[in-house]
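Every number in this text was worked out from the coordinates using simple rules, so none of it is lab data. No experiment lies behind these values; they were computed from the predicted model shown. We place every Cβ from the backbone using ideal geometry, glycine too, and count neighbours over all the protein chains shown.
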Amino acid sequence: MEKQMQDKWLADRVAYIRGLKSPNDHQRLLLLLNDKKGATNDDLRKLVALVKAEKAAEKAQRAKASVAKTANAEKLTERKRRNHDLYQSGGLLILAGLVDTKTGKPTLDRGELLGALLGLAKIPADDPRRGDWKRAGDALLADK
């Protein structure tokens, strides 16, 4: 039964290699030895070694694809988290009445809005106005 599975694997892999535009040297040799009529014991030993190498290469390729898939999933998760945070920031601007809910466009001149935000960014954390703004913002968020 295992020999049949190996034969099927080899037949499938040979078909795959034949479909490649530029197989590597080991793959070309595997094809030659697989197709050789009247193969000697030495040829069969080489074929077995090449099959082992090809299986290892296939396994390494699957592992590499799995790692890439995991890395891409993490990047996607991080991008979704960032987008969510950006949407929430936009929502705060809507709640403050600085962005129109339907159009998504600022209700003030863009330069004026940016200038106001720049001014806010320059105010120190210990400024009493910031405490007042936080209380007012927390109250509005609690209502929503």
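Just a few scattered comments:
- Pair R82, T103: separation of 7 Å Cα→Cβ label points (nm): 2.9 nm
- Partner lysines for K21 [C-alpha distance under 27 Å; skip if fewer than 8 residues away on the same chain]: K8, K36, K37, K46, K52, K55, K59, K64, K69
- Taking 26 Å as the straight-line reach from the Cα of K105, the lysines in range (excluding those fewer than 8 positions away in the same chain) are K80, K122, K134, K144.
- Label-to-label distance, A125 versus Q61, with points set 7 angstrom from Cα along the beta-carbon direction: 5.3 nm.
- Translational diffusion coefficient (Stokes-Einstein; Kirkwood radius from C-alpha pairs) of region 1-116 at 37 °C, 0.692 mPa s, in µm²/s: 167 µm²/s
- Remark: spin-label model distance D7-K134 equals 7.7 nm, labels positioned 7 Å along the Cα→Cβ axis.
- Averaging the Cα positions of each part gives two centres, and for region 109-129 and region 52-77 these lie 48 Å apart.
- Förster-model FRET efficiency, 22 Å R0, L95 and L118, C-beta, rounded to 0.05: 0.60
- Cα centre as origin, Lys/Arg/Asp/Glu Cβ charges: the chain dipole, Debye: 620 debye
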